[in-house]
Amino acid sequence: MKMMKFWLLLLFTGLGTSAFAQQLATLEVTLPRSTNQQIIPVQTSLDAITSLSDAELSLVEVQGNIRTPVPYQIEKAKARILHWNVENRSSTLTKRTYELVKGAKTKKPPTINIVDKEGALLVQAGAKNLLQYNYHTVYPPTGIDTAFKRSGFIHPLWSPGGQELTRIQAPDHYHHYGIWNPWTHVLFEGDTVDFWNLKDRKGTVRFTGVVSKTDGPVFSEYQVEQEHVAFKKGGKEKVALNELQTVRVYQPSNADYYIADVTINLTCASPSPVRLLTYRYGGFGWRATEKWNKDNSEILTSGGKTRKDADGSTARWCIVQGELDKDYGGALMMSSPANYNHPEPLRVWPETQNGKGDVFVNYSPTKNKDWLLSPGQTYTLRYRLLVFNGRYTKEQAETNWHYFSQPPTVSVKRK
């Protein structure tokens, strides 16, 4: 009986997994040197390593004689992709070693999941709410023009501590909807269309369908379709742009922060081209919590700009943070280097906004130049939000933008 307990103990530890499982490959991740302890999503092709089924695989981290099981997730697209998170916990250790082995998983890790609830997709990690995508049409308060109704936006975006970081339908701008992505000044079939300022009744953006939902121990993801609808003369409507929006939220590593990646794919919905005209705002915007003002919040960009001079500047990243009751927190907004007109211009409200300094920040690639979208082409914009409690520094922001813009390489050695 004692001998049986001994072997069972080995089986359910990293040592046991290594001892009795067949090693398939060694995966080595190269990290940049950094003093920031951050979680970095990494991935590699699984089909290039093995054709074994998902249920037969385990992943372990190797540190000398210690082997620790690591949660992983397999994405099944055209080919299988293996995903896991690497914690950069040392300023000197720049290589991390993992083994992919044939062997049953010893324990099912916690899952980050999506709940379809009351017209919204709610992303949760355990009992903690992270963000909510609203697909049902949300109407303005009673007595307000119903032209301000809207679907297809993120609200709330919660901090890890549970505070709301977004706001919708503020009395000063009823057309503001948390985190959303309309365009303001658009030329389509000879007409100037506005998908942003809903009261003008020139256009809107609508949710049209859920493409997919994915839960897992590493990330949760939803894909949705949206239409950018032009209101034509005589009450007619025509879809100018189709949008496929993908939001992937990674499992929080601790109580301090989590990562949400937003990918926007735009295509022309008809044989007519769409020209996004130069305008001072439009695109990926964030109307921040009403708790923030000029005295209790701050903005810092990769160009060293603050709220006083950030508007109109270009930035790879932008920190927006402030007081949250007795806490502090916010989000780091990052723009992919592959985005149009990168580093993208910013629209940042001045400190005098609404007399108190309400906060609104917008990555607007068409702030200083047009963008022509031609039929038959797909145009992609990618953003990363690192949502946190506490205070973020420019050093932390720079490190995380580096992880986003140049993900660590994974070297694979098959056995």
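The values are calculated or read from the model by the stated rules, or taken from the named source; none is laboratory data. These numbers were taken from a predicted model, which means no experiment stands behind them. Every residue, glycine among them, receives a Cβ derived from its backbone with ideal geometry; neighbour counts consider all protein chains shown.
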Item checked: Extreme residue, surrounded by the most Cβ atoms within 10 Å (Cβ to Cβ), among residues of the range 374-415 that are among the basic types (K, R) and in a strand (DSSP E or B) -> R384
Notebook entry, point to check: Restricting attention to the range 218-227, does a residue exist that is part of a loop (DSSP other than H, G, I, E, B) and either buried (at least 19 other Cβ atoms within 10 Å of the Cβ) or in contact with an Asp or Glu (Cβ under 9 Å, 6 or more places away or on another chain) (or both)?
Noted result: yes
Checklist line | Which numbered condition S90 misses (of (1) under 28 Å from A397 (Cβ atoms); (2) part of a loop (DSSP other than H, G, I, E, B); (3) under 25 Å from the mean Cα position of the chain (by Cα); (4) at pLDDT below 90) | finding: (3)
Next item on the list: For S302, state whether it is under 23 Å from the mean Cα position of the chain (by Cα), of a type in the set (S, T, N, Q), within 27 Å of Q245 (Cα to Cα) and modelled with pLDDT of 95 or more.
Entry: yes
Notebook entry, point to check: Pick from the range 38-64 the residues that are polar (S, T, N, Q) and in contact (Cβ under 8 Å) with a residue 24 or more places away in the chain: which of them is nearest to A255 (Cα to Cα)?
Noted result: Q38
Check: Considering the range 161-172 alone, what residues qualify as being surrounded by fewer than 20 Cβ atoms within 10 Å (Cβ to Cβ) and in contact with a strand residue (DSSP E or B) (Cβ under 8 Å, 6 or more places away or on another chain)?
Finding: G161, G162, Q163, E164, A170
Margin query: Looking at (1) modelled with pLDDT under 90; (2) of a type in the set (A, V, I, L, M); (3) farther than 22 Å from Y403 by Cβ; (4) part of a strand (DSSP E or B), which one does L100 not meet, given that it meets all the others?
Written below: (1)
Next item on the list: Could you list all residues from the range 121-147 that are of a type outside the set (V, I, T), part of a strand (DSSP E or B) and buried (at least 17 other Cβ atoms within 10 Å of the Cβ)?
Entry: L121, L122, Q124, A125, L130, L131, Q132, Y133, N134
Check: What residue, of K105, K78, is over 30 Å from E395 (Cα atoms), among the basic types (K, R), assigned to a loop (DSSP other than H, G, I, E, B) and modelled with pLDDT of 80 or more?
Finding: K78
Next item on the list: Could you run through the range 339-373 and say how many residues are out of contact with any strand residue (DSSP E or B) (no Cβ under 7 Å at 6 or more places or on another chain), farther than 14 Å from W183 by Cβ and surrounded by fewer than 21 Cβ atoms within 10 Å (Cβ to Cβ)?
Entry: 8
Check: Yes or no: D311 touching a residue at least 40 places away in the same chain (Cβ under 8 Å) and assigned to a loop (DSSP other than H, G, I, E, B)?
Finding: no
Next item on the list: For the range 267-275, indicate whether the set of residues that are buried (at least 20 other Cβ atoms within 10 Å of the Cβ) and hydrophobic (A, V, I, L, M, F, W, C) is non-empty.
Entry: yes
Checklist line | Search result, residues across the range 148-191 that are closer than 26 Å to T278 by Cα, in a loop (DSSP other than H, G, I, E, B) and touching a residue at least 24 places away in the same chain (Cβ under 8 Å) | finding: K149, S151, G152, D172, G178, N181, P182, W183, T184, H185, E189
